[in-house]
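A quick write-up on the structure given underneath.
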Amino acid sequence: MSLISCENLSFAYEGVTVLHGLNFEIEQGNYLCIMGENGAGKSTLMKGLLGLKKPSGGKVTFGEDLRAREIGYLPQQTPVQKDFPASVWEVVLSGCLSGMGLRPFYSKAEKDRAVRNMQALEIMDLKDRCYRDLSGGQQQRVLLARALCATRKVILLDEPVAGLDPLVTINMYKLIERINREMGITVIMVSHDIQAATRYASHILHLGEDRQLFFGTREDYRHSAAYHSFMDGEKAVHIWKKAAVQEEKKRSGGTRAAAAAKTQKEAETESPAPEAVQKGGKA
Amino acid sequence: MLHLIAEMFTYPFMVRALCMGVLVALCAAVLGVTLVLKRYSMIGDGLSHVGFGALAIATAMNAAPLAVAIPVVIVAAFLLLRLTENSKIKGDAAIALISTGSLAVGVMVVSMTTGMNTDVYNYLFGSILSMSQEDVVLTGVVSAAIMILFVFFYHRIFAVTFDETFARATGLNARLYNMVIALLTALVIVVGMRMMGSLLISSLVVFPAVTSMRTCTTFRSVMIASAIVSAVCLVAGLIISYLYAAPTGASIVLCNIAAFIAFAAVQKGRECLQSDRKSI
């Protein structure tokens, strides 16, 4: 059974559907990257997975040994946190609260867990530093350690490299990869960064407008229209037209094969549609 | 001077004021840290005005002031919290509406019944003379309850303050803890209002927290420093008010201003030292 599976999932705000027809599965150990432009519904889907927003249709099923509240979450930073007086230790430890039930104070087990996660992310030396005095990359590591404290299986990262400089970004991606490979933790990452997604992720979910444009492995994604709409408009149009031709062939059988072949030829020579160019340009 | 201070504590009402004041100051200070960090500083101010309205009505109806004020202010606190969470009227506007609205109701009730007498004046600006033995007992009980609840929920309140989305995503009932914070704030405001006055009570909530945030770098140390600053300023203010026959609430706020300036200076000094070290 999959760790998380979504069937025909849809979300709506005040009756207006913003996302529909989502079908995908996440297996233990996967590294799923959720792609899409601004307003494509990435954040909505994320809230849905975290149980912060109820789906308007379909359902999310969690595997037997995963409860909905066991997803570690790395949110985007809020303005409140910028000048928040808290030590790194206090922040990381607060990730352990979810498993404590009604017990008011941390036990040795929780403290050990926080220490282990801090060691894994190499931030043990920051333990007594003030969170607001850290650099952006260090702050992300601290929040990542907190997310790891809240889970044993899955972490969900919301644009983890937003606002980081290039070198720190690379380190952050490597760190996430290590968490995925070495600690065996399933990673779900929301991102704009298609380069990183196709490099590190095992699976890609691409959202567009209000629906799912692509879900599958990274290899398949490289050949999909959704990928090329991001990377290169011309090729996307080509793939779309090719698909349309095949569809046509299937429907009409042999009789109109010649006409279809002609369309295909046109597709190869025709310049890309302006809309597709625009999309490619944005990416 | 020392014998004047010694003399001051021979008066039972001064001892009462001191005990009550310190308890309220401690509670207000620790809660204030959360409120300031959550950007809810003005909630205290709004609630104190609601408290004034409730006290005015209680006086008009000859009811026990606190028995009326406590439930009314608690309801207002929940209402404000809900308004800030999900409504078309945004947080600060909602507070302004409720605060000035209840002040107006209070003033109206006062002018139609008793008129501007000493009682009303005391509600606005506070008085240490207005406190009875029962008030002290009630304050003691309420403060103890606040402290116990706060200690019990301390880590959860930290989590909800630092990052509410994360807290909710990992299964913490953020709404419940926000309610707890609102409830405790309402209690502190009503209890502290008798002494500080409804116009000045929110300073007890905001000043110590902002002051201690100048120099402290961990949540726990901010809490502790805030409590200490608050208690020290209260005692100092009380003594000044006795020595110079000054209004109590205002003296305490002035002490808090002095503490804020001192802490800010220390922060500035530290920053200068650090940048010097860096430039070398």
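Laboratory data are not the source of any read-out in this text; all were calculated from the coordinates shown. Here the structure is a predicted model, which is why all the values come from computation and not from measurement. Cβ atoms come from the backbone with ideal geometry, glycine included; neighbour counts cover every protein chain shown.
Each part gets one Cα centre, and for region B:179-241 versus region B:121-159 those centres are 11 Å apart. Taking 14 Å as the cut-off, the amide N atoms of region B:229-253 that come nearer than this to a point 7 Å along the Cα-to-beta-carbon line of B:Glu7 belong to B:242-245. The ranking of A:Tyr221, B:Tyr121 by Cβ neighbour count inside 10 Å, starting from the fewest, reads B:Tyr121, A:Tyr221.
Using bins of 5 Å that start at zero, the share of Cα-Cα pairs per bin across region A:156-199 amounts to 5, 22, 34, 29, 10, 1, in whole %.
In region A:97-145, the convex hull through the Cα atoms has an average projected area of 3.9 nm², a quarter of its surface area.
Looking at the square roots a ≥ b ≥ c of the eigenvalues of the Cα gyration tensor of region B:129-241, which shape do they give, rounded for a/c under 1.5, prolate if a/b is larger than b/c, or oblate? Note, shape of region B:129-241 comes out oblate. Ordering A:102-108, A:11-17, B:100-106 by mean Cβ neighbour count within 10 Å, with the highest value first, yields B:100-106, A:11-17, A:102-108. Using the Cβ-Cβ distance between A:Asp165 and B:Glu271 with R0 set to 22 Å, the FRET efficiency works out to roughly 0.35.
Residues B:Met1, A:Met172, B:Met8, B:Met116 in ascending order of nearby Cβ atoms (within 10 Å, fewest first): B:Met1, B:Met116, B:Met8, A:Met172.
In a Debye calculation with equal point scatterers on the alpha-carbon sites of the protein assembly as shown and no solvent, what is log10 I(q)/I(0) at q = 0.06, 0.09 Å⁻¹? The Debye formula, applied to the Cα set alone, gives -0.42, -0.80. For chain B, excluding the exposed loop sites themselves (trypsin sites (Lys or Arg not before Pro), DSSP loop, at most 10 other Cβ atoms within 10 Å), the longest remaining stretch covers B:91-280. For B:Ile257, project a label point 7 Å along Cα to C-beta. Then give me every residue of region B:215-245 with its amide nitrogen under 20 Å of that point. Answer for region B:215-245: B:229-245.
Neighbour counts of other Cβ atoms within 10 Å put B:His3, A:His223, A:His203, A:His192 in the fewest-to-most order B:His3, A:His223, A:His192, A:His203. Peptide A:78-85 shows a mean partner chain C-beta count of 5 within 10 Å per residue C-beta. The simple spin-label model puts a point 7 Å past each Cα toward its Cβ; for B:Val75 and A:Thr17 those points are separated by 4.4 nm.
Taking the alpha carbon gyration tensor of region B:2-279, multiplying each eigenvalue by 5 and rooting it gives semi-axes of 30, 26, 17 Å, largest first.
Within chain B, helices built from complete DSSP H runs that reach 20 Å or longer along their own axis (Cα positions) and carry a mean Kyte-Doolittle hydropathy of -0.5 or higher are B:12-37, B:41-60, B:65-85, B:91-112, B:133-162, B:174-196, B:201-215, B:219-243, B:248-279. Checking Cβ-Cβ separations below 4.7 Å across chain B identifies B:Cys19, B:Cys27, B:Cys216, B:Cys272 as cysteines lacking any candidate disulfide partner. If R0 is 30 Å, the Cβ-Cβ spacing of A:Gln195 and A:Lys59 corresponds to a FRET efficiency of close to 0.35.
Take each residue in A:124-133, count the other chain C-beta atoms within 10 Å of its C-beta, and the mean is 2. If the chain linking B:Ala144 and B:Asp92 were pulled fully straight, counting 0.36 nm for each residue of separation and taking away their Cα-Cα distance, it would gain 15.7 nm.
How large, in Å, is region A:144-232 by the Kirkwood hydrodynamic radius built from its alpha-carbon pairs? Could you put the intermediate results ahead of the total?
On the way: mean 1/r = 0.0714 Å⁻¹.
About 14.0 Å, per the Kirkwood formula over Cα pairs.
Spin-label pair B:Val15-B:Ile224: with each label point 7 Å from Cα along the Cα-Cβ axis, the two points sit 3.1 nm from one another.
Projected label points at B:Phe152 and A:Ser252, each 7 Å from Cα along the beta carbon direction, are separated by 7.6 nanometres.
Mean per-residue shielding of peptide B:155-161 is 5, counting Cβ atoms of other chains within 10 Å of each Cβ. Gyration tensor analysis over the Cα atoms of region B:165-223 returns equivalent ellipsoid semi-axes of 26, 19, 7 Å (largest first, whole Å).
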